[in-house]
1. If you take the residues in segment 54-91 that are part of a loop (DSSP other than H, G, I, E, B) and aliphatic (A, V, I, L, M), which one is modelled with the lowest pLDDT?
2. I'd like the full set of residues that are at pLDDT 55 or above and among the basic types (Lys, Arg), limited to segment 15-41.
3. Yes or no: segment 3-13 includes at least one residue that is part of a loop (DSSP other than H, G, I, E, B) and modelled with pLDDT of 60 or more.
4. Suppose the filter is loosely packed, with under 12 Cβ neighbours inside 10 Å and modelled with pLDDT of 90 or more; does Lys44 pass it?
Amino acid sequence: MKKSLILFCASVFVLATSSAVFARPEAKPSCPIMKHAVSKVDPKMSTVYKGKTFYYCCAGCKPAFEKMTDKEKVALMKYGVDVKKPGAKKSTTPVKNAKKSA
């Protein structure tokens, strides 16, 4: 009885701490100028810079970002979202029959 209780508690602990249970929802992008979450993602209110898409909270932030120097923009890279290529899928399985280069 004691062993089954320990096994049950261990199983519950493993399930409770698994990443699927505590998976975080995908975060909303943040405006690089005002530094808060963007409520509506609009392609017209975005800029692609060095492989990242920047979304803005209002019409005034986009031109403010575009007027910045490259040095200022690089400092704000953490607010950008990685650009996804059309048709690109995230692979979770290894590639089979891949040729090995010599």
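The values are calculated or read from the model by the stated rules, or taken from the named source; none is laboratory data. Everything numeric in this text was worked out from a predicted model, so none of it was measured. Ideal geometry is used to build each Cβ from the backbone, glycine not excepted, and the neighbour counts take in all protein chains shown.
1. Restricting attention to segment 54-91, the residues satisfying the condition of being part of a loop (DSSP other than H, G, I, E, B) are 56-60, 68-69, 76, 80, 83-91.
Filter again for aliphatic (A, V, I, L, M), leaving 59, 68, 76, 83, 88.
Numbers: Ala59: 92, Met68: 95, Leu76: 94, Val83: 81, Ala88: 52.
So, considering only residues that are part of a loop (DSSP other than H, G, I, E, B) and aliphatic (A, V, I, L, M), the one modelled with the lowest pLDDT is Ala88.
2. Those that are at pLDDT 55 or above and among the basic types (Lys, Arg): Lys28, Lys35, Lys40.
3. Of the residues in segment 3-13, the ones part of a loop (DSSP other than H, G, I, E, B) are none.
No, segment 3-13 contains no residue that is part of a loop (DSSP other than H, G, I, E, B) and modelled with pLDDT of 60 or more.
4. Yes.
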